[in-house]
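The values are calculated or read from the model by the stated rules, or taken from the named source; none is laboratory data. As the structure is a computational prediction, the values presented were derived from the model and not from experiment. Glycine also receives a Cβ, built like all others from the backbone with ideal geometry; neighbour counts cover every protein chain displayed.
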Amino acid sequence: MDEFRYQHGVLHCEAVPAADLARLAGTPCYVYSQSTLTQHFERLRDAFAPLSPLLCYSVKCCSNLAILRHLVSLGSGMDVVSGGELQRARLAGCDPAKIVYAGVGKSDEEIRLALTERIGLFNIESEMEFENLSRIAKEMGLKTSAALRVNPDVDPKTHRYTTTGKRESKFGVDLERAEAFFAKYGHDPMVSLRGIHLHIGSPVYSTAPYLESVEKALRLMDALAERGITITTLDLGGGFGADYESDQSPLAIDYAQTIVPLLAGRCTGSSPLRVILEPGRTIAANAGILLTRVEYVKQSGDRTFAICDAGMHSLLRPSHYGAFHFVWPVAPGESMVPPRRARELVMPGLVRTEVVGPLCETGDFLAEDRLLPTVARGDLLAVYTAGAYGMTMASRYNSHPLPAEVLVNGTTATIIRRRESFADLIAHEVS
């Protein structure tokens with residue numbers, strides 16, 4: 001599923017040794033495999049080909065311009081949730097007609113920017129937002145299209161912070177309100193409301209929640225049709241999983257085999273239903289690792305701590321979500337190459353280790369209570385499946401500069417974001 005492999009006991013990204021990348025960019029740094037990004041996008045595109053969907057990559061998960069440009073070159077649209085992400089998508093060369101704008105708190109300024117850019121679709125989250133969009137569109141004399149985000153009240157069995165399709169969620173409107181919403185706003189002169197948007201959460205490791213949510217959406221579409229309102233666009237959102245552990249997530253074809261049969265009959269004929277997907281994690285997560293160097297090793301009671309230059313300021317997911325990321329040395333030797341990514345590996349010579357960062361927070365960790373080969377000061381560690389919600393959630397906490405980012409294509413490694421300096425940290429402060 002990815003192009004990070006050990007060769008002669010040394011980790012490589014595609015054809016480049018990870019240690020060379022650390023020397024190139026310093027640590028901590030994010031490393032991305034262009035081949036992996038391509039493979040994951042193409043597998044998803046091919047799996048859902050019977051629906052001819054518009055794939056709108058979720059910019060929020062990994063937003064570097066070089067990565068966005070590469071995905072645009074593959075035919076991707078963009079799913080954005082802020083004015084800043086919209087501008088990134090446009091700088092990356094994305095056709096504005098292939099941009100979908102979601103998010104519960106769009107400001108007037110952001111709405112005006114999106115209307116000026118003539119984006120393809122607004123995903124609407126509330127009655128007040130629709131009225132505001134219509135007002136601004138009228139002021140600007142620019143018509144647009146919108147989909148209503150509907151909560152199908154489906155439990156995706158994921159972390160509560162990333163569960164978004166339950167009835168009590170801050171996102172969208174519940175099924176009971178949806179019909180009334182379309183009845184009230186379905187004939188607006190400035191905003192064509194002819195779409196339904198679903199996004200139940202992320203990561204979702206089962207196809208069953210998608211089956212349930214799509215079936216509910218189709219029943220809503222049929223009920224609206226009886227009232228003379230034809231839904232022409234169904235945005236299924238994203239949320240497909242990634243392999244934080246080996247073989248943890250269904251494949252693209254597995255998700256497609258559940259969803260495609262439900263929609264194939266509606267995507268043909270003289271007025272085919274347009275289907276949109278908003279993949280992010282399933283494309284980017286396994287395409288990236290975080291490289292970090294061990295600064296110190298110490299014993300505290302019966303625990304061994306590997307204190308690294310990366311921490312929750314570099315990768316927030318372990319601390320914020322209790323997320324698991326596989327961690328292993330970059331050069332453990334051939335006898336210690338991991339057979340798979342797992343929470344517990346049964347191998348001789350492993351030491352139970354806390355992999356922590358440099359911040360003044362007990363919650364500053366990358367991996368807790370993890371069996372690892374013995375590590376020493378100066379060793380490089382790789383934190384896997386870090387391509388999604390890694391760099392985009394990084395911070396300058398404790399005045400640490402943001403990491404560098406590197407994109408590898410075969411034998412070529414390119415720094416796509418330089419490491420920040422102290423001057424960068426204070427550049428926006430007024431003395």
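Sort through Ser399, Ser395 and tell me the only one that's of a type in the set (Ser, Thr, Tyr) and free of Cβ contacts under 8 Å to residues at least 60 places away in the same chain. Talk me through it step by step, then tell me what you get.
Values: Ser395 fails: free of Cβ contacts under 8 Å to residues at least 60 places away in the same chain.
Result: Ser399 is the single residue among Ser399, Ser395 that is of a type in the set (Ser, Thr, Tyr) and free of Cβ contacts under 8 Å to residues at least 60 places away in the same chain.
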**Asked** Can you name the condition, by its number, that Ala306 falls short on among (1) surrounded by 12 or more Cβ atoms within 10 Å (Cβ to Cβ); (2) outside any strand (DSSP E or B); (3) not β-branched (Val, Ile, Thr)?
**Response** (2)
**Request:** Quickly run through region 230-243 and pick out the residues that are in contact with a strand residue (DSSP E or B) (Cβ under 8 Å, 6 or more places away or on another chain) and either modelled with pLDDT under 95 or outside any strand (DSSP E or B) (or both).
**Result:** Thr230, Ile231, Thr232, Leu236, Gly237, Gly238, Gly239, Phe240, Gly241
**Asked** Does Ile196 satisfy the condition of being in the same structural domain as Phe48 (by TED's automatic domain parsing), outside any strand (DSSP E or B) and either more than 19 Å from the chain's Cα centre (by Cα) or over 25 Å from Ala367 (Cα atoms) (or both)?
**Response** no
**Message:** Show the residue pairs meeting these rules: Cβ distance below 8 Å; 6+ apart or different chains; first residue within region 83-109 and modelled with pLDDT under 95; second residue of a type in the set (Gly, Ala, Ser).
**Reply:** Gly103/Ser82; Val104/Ser126
**Any chance Gly363 is touching a helix residue (DSSP H, G or I) at 6+ places or on another chain (Cβ under 7 Å), assigned by TED's automatic domain parsing to the domain that holds Leu11 and more than 14 Å from Arg303 (Cβ to Cβ)** = yes
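Being modelled with pLDDT of 95 or more, outside any helix (DSSP H, G or I), surrounded by 14 or more Cβ atoms within 10 Å (Cβ to Cβ) and of a type in the set (Gly, Ala, Ser), is that true of even one residue in region 154-172? Steps first, answer last, please.
First, the residues of region 154-172 that are modelled with pLDDT of 95 or more: none.
No, region 154-172 has no match at all.
Go through region 289-314 residue by residue and tally those that are under 30 Å from Tyr205 (Cα atoms) and out of contact with any helix residue (DSSP H, G or I) (no Cβ under 8 Å at 6 or more places or on another chain).
Initial filter on region 289-314 (under 30 Å from Tyr205 (Cα atoms)): 289-292, 310-314.
Adding the requirement that they be out of contact with any helix residue (DSSP H, G or I) (no Cβ under 8 Å at 6 or more places or on another chain) leaves 290, 292, 310-311, 314.
Looking only at that region, the number is 5.
Got a sec? Which of His12, His70 is of a type outside the set (Ser, Thr, Tyr), touching a strand residue (DSSP E or B) at 6+ places or on another chain (Cβ under 9 Å) and either crowded, with 24+ Cβ neighbours inside 10 Å or not in a helix (DSSP H, G or I) (or both)? Give the derivation first.
Values: His70 fails: either crowded, with 24+ Cβ neighbours inside 10 Å or not in a helix (DSSP H, G or I) (or both).
That would be His12, the only listed residue that is of a type outside the set (Ser, Thr, Tyr), touching a strand residue (DSSP E or B) at 6+ places or on another chain (Cβ under 9 Å) and either crowded, with 24+ Cβ neighbours inside 10 Å or not in a helix (DSSP H, G or I) (or both).
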**Item:** Failed condition for Ala225, given (1) free of Cβ contacts under 8 Å to residues at least 40 places away in the same chain; (2) buried (at least 17 other Cβ atoms within 10 Å of the Cβ)
**Value:** (2)
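Return yes when Ser335 is over 21 Å from the mean Cα position of the chain (by Cα) and exposed (fewer than 14 other Cβ atoms within 10 Å of the Cβ) and no when it is not. Write out each step before concluding.
On the way: over 21 Å from the mean Cα position of the chain (by Cα): yes; exposed (fewer than 14 other Cβ atoms within 10 Å of the Cβ): yes.
Judged against the criteria, Ser335 is a match.
Collect the residues in region 232-271 that are more than 20 Å from Met78 (Cβ to Cβ) and hydrophobic (A, V, I, L, M, F, W, C), keeping them in residue-number order. Write out each step before concluding.
Filtering region 232-271 for residues more than 20 Å from Met78 (Cβ to Cβ) gives 232, 241, 243-251, 253-271.
If the condition is that a residue be more than 20 Å from Met78 (Cβ to Cβ) and hydrophobic (A, V, I, L, M, F, W, C), then Leu251, Ile253, Ala256, Ile259, Val260, Leu262, Leu263, Ala264, Cys267 are the ones that fit.
Which residue, of Ala242, Ala252, Ala264, is exposed (fewer than 15 other Cβ atoms within 10 Å of the Cβ), in contact with a helix residue (DSSP H, G or I) (Cβ under 8 Å, 6 or more places away or on another chain), among the small types (Gly, Ala, Ser) and in the same structural domain as Ile99 (by TED's automatic domain parsing)?
Details: Ala242 fails: exposed (fewer than 15 other Cβ atoms within 10 Å of the Cβ); Ala252 fails: exposed (fewer than 15 other Cβ atoms within 10 Å of the Cβ).
So the residue among Ala242, Ala252, Ala264 that is exposed (fewer than 15 other Cβ atoms within 10 Å of the Cβ), in contact with a helix residue (DSSP H, G or I) (Cβ under 8 Å, 6 or more places away or on another chain), among the small types (Gly, Ala, Ser) and in the same structural domain as Ile99 (by TED's automatic domain parsing) is Ala264.
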